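Quick notes on the structure that follows.
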Amino acid sequence: MKKFLVVLTVLALVVISSMAFAAAEVTVGGSVQIRSRDFQNLNFNKSADANDTVDTQERIILDVNVKADGVKGKISLWNDFNDWGRFEATQGNDFGSGTTTGTTQGAGNGQFGFREASVSFNVPGIPVNVTGGHQLLMLGMGGFFRSMHFGTDAWVIANVTGPNTAAVVNLKVAENNVGKNDDVDDYTLLDVFKINENNTVGIDLSQIVVHKSSGYTFGSASIGDAALDNIGVNYTGKIGPVNLKGELDWQTGKVKRAGGAPLPSEIKFKGNQIWINGNVPVDPVTINFTLARGSGNKRENTAGGAVNADVDLKQMFTLLDIDPHYTFLYEYKTATACASPFALGGTAHTGFCNTTAISAGAAVKPVKSLMVGLDIWYLQATEKSGTPLAYGSTTGKTSSDVGTEIDATINWQLYDNLSWNWNIGYFKPGDAMKTSDTAHTDAATGIQGILALKF
């Protein structure tokens with residue numbers, strides 16, 4: 001690792017010195033973040049919860065940006081939250097390793113690598129910009145596709161003409177994920193139009209293509225090629241005193257199966273979702289609200305286990321990162337009411353898949369440097385016959401009640417470049433998350449604080 005860091009340092013010096021001759025502008029920045037956290041009962045069972053997490057971690061980020069004429073380059077090297085407890089051992093010495101995401105919340109190694117590594121340039125003579133490499137990307141509000149944590153490998157070709165931005169995006173989701181020639185690719189066309197200073201609308205057309213996916217299964221049957229089409233419309237703006245953001249997605253496409261009755265050899269995607277965020281500033285308080293609904297599948301329980309009762313995939317399919325998307329515990333740290341199309345059972349980071357959510361809250365700034373907020377979430381399963389999902393019950397019980405969550409946020413700006421932000425959450429699971437009258441009924445709790453220095 002020491003040799004690797006020496007090589008990186010030498011390369012950085014060579015690049016910077018070379019760019020200096022080209023009259024390039026080079027800026028270096030970054031961040032040091034210390035995260036303290038305590039999560040309890042993430043599988044809703046106090047007597048048998050292996051997912052409790054109590055630790056302190058550290059993230060280190062180093063950003064290098066290069067700009068010369070119409071050319072830009074970016075490298076972001078970071079160590080993603082290594083656990084404290086490394087006596088006489090360097091932070092970030094676990095290149096390429098990391099804990100399993102999802103509901104597995106145990107301690108482990110962090111991620112040390114390049115979060116971003118891209119080059120961007122304007123094509124000479126025509127108003128087109130090309131960006132290629134590992135980069136952070138999101139469509140609309142990020143309800144369907146969001147890769148803002150570790151980023152993704154992609155080409156982005158864009159044209160900006162006045163208030164309109166049009167782009168073509170090609171990203172590689174997976175390469176040889178299971179076997180040779182087993183690839184997952186995304187192709188997106190998007191257009192964003194700024195109506196005026198306060199209102200912007202956008203549309204994106206995406207197709208996720210799975211090639212020769214013989215290594216995947218749907219239930220007990222292998223699946224072949226698949227193509228998922230997502231049509232997304234989004235809005236950001238202000239209507240009177242209300243600041244609004246909204247996203248609407250609906251899905252088509254199909255997946256091929258290699259037999260396996262009673263389902264047919266071809267299944268269609270039919271998911272959809274709507275997500276609306278808003279806030280109303282009423283000095284000194286800001287009122288917040290969310291309305292969201294993502295479609296789900298009907299399921300039935302049989303003696304052989306859970307079987308999809310819908311011939312087609314009616315639940316909303318999402319491709320999201322591991323960051324919080326709306327609540328602090330549900331979906332970010334616990335299983336959701338969504339069943340994976342290829343492995344029935346709850347998991348995290350699924351967005352609003354089979355989830356209907358309503359929230360109301362308020363935030364206030366008692367002093368200039370401090371913001372305190374509180375939000376209450378009412379969570380339901382969109383398709384109740386698919387529950388309970390989180391722990392694969394075969395009791396036959398169903399419910400729409402996913403649970404209620406209360407989230408508190410405290411953002412403290414100590415100095416211009418130093419903040420200390422806290423999140424506190426309490427999630428009481430409903431009947432949809434239970435496997436019996438007594439199992440998995442305990443509330444999940446969490447508290448997390450991040451002290452962040454930016455430079």
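Quick note: the coordinates plus some simple rules give every number you see, no bench work behind them. Keep in mind the model is a prediction, meaning the values are calculated, not measured. Glycine also receives a Cβ, built like all others from the backbone with ideal geometry; neighbour counts cover every protein chain displayed.
FRET efficiency for the Asp442 to Lys194 pair, using the beta carbon distance and R₀ = 51 Å, is estimated at 0.60. For Phe44, nonlocal amide neighbours, meaning residues 5 or more places apart or on other chains whose placed amide H falls under 5 Å from its own, do not occur.
In region 193-213, whose amide N lies under 20 Å from the spot 7 Å out along Cα-to-Cβ of Ala227? List them in ranges. Of the residues in region 193-213, 204-213 have backbone N under 20 Å from the label point off Ala227. Counting charges near Val119 (Lys, Arg +1; Asp, Glu -1) among other residues having Cβ under 12 Å from its Cβ returns a value of +2. Length gained on full extension, Leu453 to Trp155, computed as 0.36 nm times the residue gap minus the Cα-Cα distance: 104.1 nm.
Listed from fewest to most Cβ neighbours within 10 Å, the set Asp191, Asp416, Asp55 follows the order Asp416, Asp191, Asp55.
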